[in-house]
Each structure stands twice: as structure tokens, then as C-alpha cells.
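See below for the structure under consideration.
The values are calculated or read from the model by the stated rules, or taken from the named source; none is laboratory data. Computed from a predicted structure; not experimentally measured. So basically every Cβ, Gly included, is an ideal-geometry build from the backbone, and we count neighbours across all protein chains shown.
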Amino acid sequence: MKKQRATDVKRAAGNDVEKDEATKSPKAPRKTKAPKPDQRYELGSVATVKRGFLLALVEWARKRKAFTAAQAIEEFNGRQFTNRKVDAGRVTRYFNYCRVHGIFRLLKNGGAK
């Protein structure tokens, strides 16, 4: 049998102490981050794109010089490809996949209109 340790009395007593209201610091209001301007992208390497929703996303991007993720979500949200519904989350995942794999490239100057 293992030897059981006795409860540390000081630790147990320390956990029982109630904190005074005066010692609690009032919570400061949270600072909100300034929203980032929409990042604009351009079409990059499309050699590996073959079919499905990814191909439709790339063809949509090919028609535009610069675009944002919000524009892609607005375009494809609610549509259906190969019997699968497309929602905003799916568009975002595919858009990020394209960004990470070099299919979409971030414009250097922000793509001012």
C-alpha cells in the first residue's frame, strides 16, 4: 500500500479565507482593438486546383483583380457544390487554405481601389 500524505493544513486554511471587498481591484473596462482594414488578395499559383468548390472559388477570383474574404463569403454563402451546402465557415476555410498554399496572394499596397 502507498503511504497517504496528510493534508497540508496551511494550504487548506489558506483556501478557506474569504477575500475582502476592499482588496479586490475594480475591473478596468476592456480596450477594444481597432478593426483591421480588409486585406485584399490577388490570384497566385493555380496549378493544383482541379475541381469542386475550390475550382469555383478560383474561377471567381480570376474574374477580379483584387478581392477580400468578405466578398467571397457574400458570393458563395448559401450555394451548393457537389450536393454539399456552402456556408460562411466553409468559404472561410477554403479561403484560408488558398491563402496558405499560395493560390491567393496578399496585395502589398493593400489594393486601394
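Laid out as a table, the results:
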{"quantity": "Close pairs (7 angstrom Cβ cut-off, 6 or more residues apart or separate chains): at pLDDT 90 or above and aromatic (Phe, Trp, Tyr) in the range 92-105, surrounded by fewer than 12 Cβ atoms within 10 Å (Cβ to Cβ) and not in a helix (DSSP H, G or I) anywhere", "calculated": "none"}
{"quantity": "The range 67-113: number of residues that are touching a helix residue (DSSP H, G or I) at 6+ places or on another chain (Cβ under 6 Å) and aliphatic (A, V, I, L, M)", "calculated": "6"}
{"quantity": "Leading residue by the ranking (surrounded by the fewest Cβ atoms within 10 Å (Cβ to Cβ)) among those in the range 76-92 that are polar (S, T, N, Q) and assigned to a loop (DSSP other than H, G, I, E, B)", "calculated": "Asn83"}
{"quantity": "The range 26-54, subset in contact with a Phe, Trp or Tyr (Cβ under 7 Å, 6 or more places away or on another chain) and part of a loop (DSSP other than H, G, I, E, B), residue modelled with the lowest pLDDT", "calculated": "Gly44"}
{"quantity": "Selection from the range 93-107 of residues that are of a type in the set (Lys, Arg) and surrounded by fewer than 16 Cβ atoms within 10 Å (Cβ to Cβ)", "calculated": "Arg93, Arg105"}
{"quantity": "Residue that is surrounded by the fewest Cβ atoms within 10 Å (Cβ to Cβ), among those in the range 55-75 that are part of a loop (DSSP other than H, G, I, E, B) and in contact with a strand residue (DSSP E or B) (Cβ under 9 Å, 6 or more places away or on another chain)", "calculated": "Lys65"}
